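To start, the structure itself, in C-alpha cells.
The values are calculated or read from the model by the stated rules, or taken from the named source; none is laboratory data. A quick note: this is a predicted structure, and the numbers were derived from the prediction, not measured. Cβ sites come from the backbone with ideal geometry, for glycine too, and all protein chains shown count toward neighbours. Side chains included, ligands, DNA and RNA excluded: accessible areas come from the protein's heavy atoms. Shrake-Rupley method; radii C 1.70, N 1.55, O 1.52, S 1.80 Å.
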Amino acid sequence: MALNRRQFGTVSIGSATALWAAPSIAQGKKVTLKVGGQFADSHPSSKAMEEACAEIRRQSEGRIDIQFFPSAQLGSDAAMLTQVRSGALDMMTASGISMQVVSPIAGISGMAFAFSDYAHVWQAMDGELGASIRDGLDKVGIYAFPKILDSGYRNITTSNRPINSVEDLKGMKMRVPPSPVWVSLFTALGSSPTSITINELYSALQTKIVDGQENPLTIIESGKYFEVQKYCSITEHMWDGLWIIANGKRIKSLLPEDLALITKSFEAATMKQRTETERLNIDLEGSLKAKGLVFNRPDKAPFRDALTKAGFFTEWKQKYGDDAWLVLEKYSGKLA
C-alpha cells in the first residue's frame, strides 16, 4: 500500500526509512505491540481487531507480535487514551468523541443528526472530514490509521418508558459517555445526563443509578443491556465510529514495511467490519425483540428542532470553529 506524505506529516518517504528505523527496532528484529479495546470480544470491532492482529502475526511469521485485549482489560477509554499518549500502551480503538478532550476536532464526526445515511458517513470519514480529524490527533502525538471502524448509529434504551417525543426525555436520568458533546446533547434535550464509563454501564442500569442509555444495537446486544432495559427507541441521533490509534512516536519508530503491513491488515478488517456492522444493526432488532426489548420509531425531526432551538448546533459550531464546521457541512448539509 502506498504511504503518502500527508499520512506522515512533513517527512518524505525517501527520508522516512532512516528516521523510523530506530536503533531498538532493527531489520528483522521482533516487534511487540499491545492494542486495547473497550467492547466485549463478541462485538464486531473486537472481532475485526482480533482478525487483523492474527493476520499481521501470520504474514510476519510471528515477528510482529501484536495482541488485542478487548473488554476494557487494559482500562477504561480515558485510562487507555492516557496510556497511549504516554507510550505505556501502543494502540487502542477509540471513539472520536471520547478523544475530543485531547483534540477537540476529533469529536466533530459525532455531531447529532449530521449524517442521514451510511453513504454520507463514509464520504466524510474516508474524505476531508476524516483527514482533518487525523491531522488534529497528530498534533497531540496520536497517530490514527486511515480507515475508521463502524460503531453504528446510536439509539436510546430505557427501563421506565419509551421515548416517543422530546417530552419523554424530560428529567430522564440518562447515562452518557464521559464526553462534553454527549452531556451537551442530552442537556439540550431536557434530560439529566450522567457520565459513566462503558465498563460500569451494566451495573449502573441494573442498580437504577440511571434510567437509560444510548448506544448502537451491536453494543446493546454485546453488552447485554437488554437484560436491564425494557424499551429501545430508534432515534439514530448520532453516528459513531472507532479510530484505531497509536502512540505517534511508537508507530513512527516502526520500519515502513512493518507499518505498511499493519495498515493493510487493519484496513482489510475494517472494511469487512463496516459491512458486518451495518447488517447487524438491521438484523439485531429481531433478535433483541425476542429477548424482550420493545421497539418504537419516533419522528426524528422534533428532536433536531429542539436542539436547534436550544442553541446546541450554534454552540458546537463556535467550539469547533468555522473552518471545521464548513468541512462537516460539506457532507451533512446545513446544521447551524
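Table for the structure above
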item: Solvent-accessible area per residue, Å², over region 72-117 with all protein chains present [probe radius 1.4 Å]; result: 31 Å²
item: Computed over region 76-161, Cα set: Rg, Dmax in Å; result: 14.2, 45
item: Potential lengthening between Ser116 and Glu257 on full extension [0.36 nm per residue; Cα-Cα distance subtracted]; result: 46.9 nm
item: Residue-by-residue Karplus 3J(HN,Hα) for region 317-329, coefficients 6.51, -1.76, 1.60, Hz, glycine and proline x; result: 4, 5, 6, 7, x, 4, 5, 5, 5, 4, 5, 4, 5
item: From phi via Karplus (6.51, -1.76, 1.60), per-residue ³J(HN,Hα) for region 203-217 in Hz, x at Gly/Pro; result: 5, 5, 6, 5, 8, 6, 4, 10, 8, x, 8, 9, 6, x, 4
item: Global geometry of the chain, whether rounded, prolate or oblate, following the gyration tensor of its Cα atoms and the 1.5 cut on a/c; result: prolate
item: Whole-Hz couplings from phi, Karplus 6.51/-1.76/1.60, listed for region 39-47; x for Gly and Pro; result: 9, 4, 5, 7, 6, x, 5, 5, 4
item: Euclidean distance between Cα centres, region 220-249 to region 42-80, Å; result: 19 Å
item: Under 5 Å, built H, 5+ apart or other chain: amide partners of Gly152; result: Asp240
item: Segment Ala336-Ala88, length gained on full extension (0.36 nm per residue, minus Cα span); result: 85.3 nm
item: Volume in Å³ per residue [convex hull over Cα atoms, computed for region 163-205]; result: 63 Å³
item: Heavy-atom accessible area per residue - region 209-336, 1.4 Å, Å²; result: 42 Å²
item: Accessible area of the chain belonging to carbon and sulfur atoms, whole % at 1.4 Å probe; result: 53 percent
item: Counting DSSP beta bridges with both ends in the chain, the antiparallel % (nearest 5); result: 55 percent
item: Per-pair calculated FRET efficiency, R0 = 35 Å: Ala131 and Thr32 via Cβ, rounded to 0.05; result: 0.70
item: Amide H contacts of Thr235 (H built 1.01 Å from N, under 5 Å, at least 5 apart or other chain); result: Ile156
item: Exposure ranking of Met91, Met271 by accessible area [1.4 Å probe, largest first]; result: Met271, Met91
item: Phe39 long-range amide H proximity, modeled H, under 5 Å; result: Ser71, Ala72
item: Cα gyration tensor, region 250-317 - rounded (a/c under 1.5), prolate or oblate; result: oblate
item: When region 157-235 is reduced to its Cα atoms, the Kirkwood hydrodynamic radius in Å; result: 12.3 Å
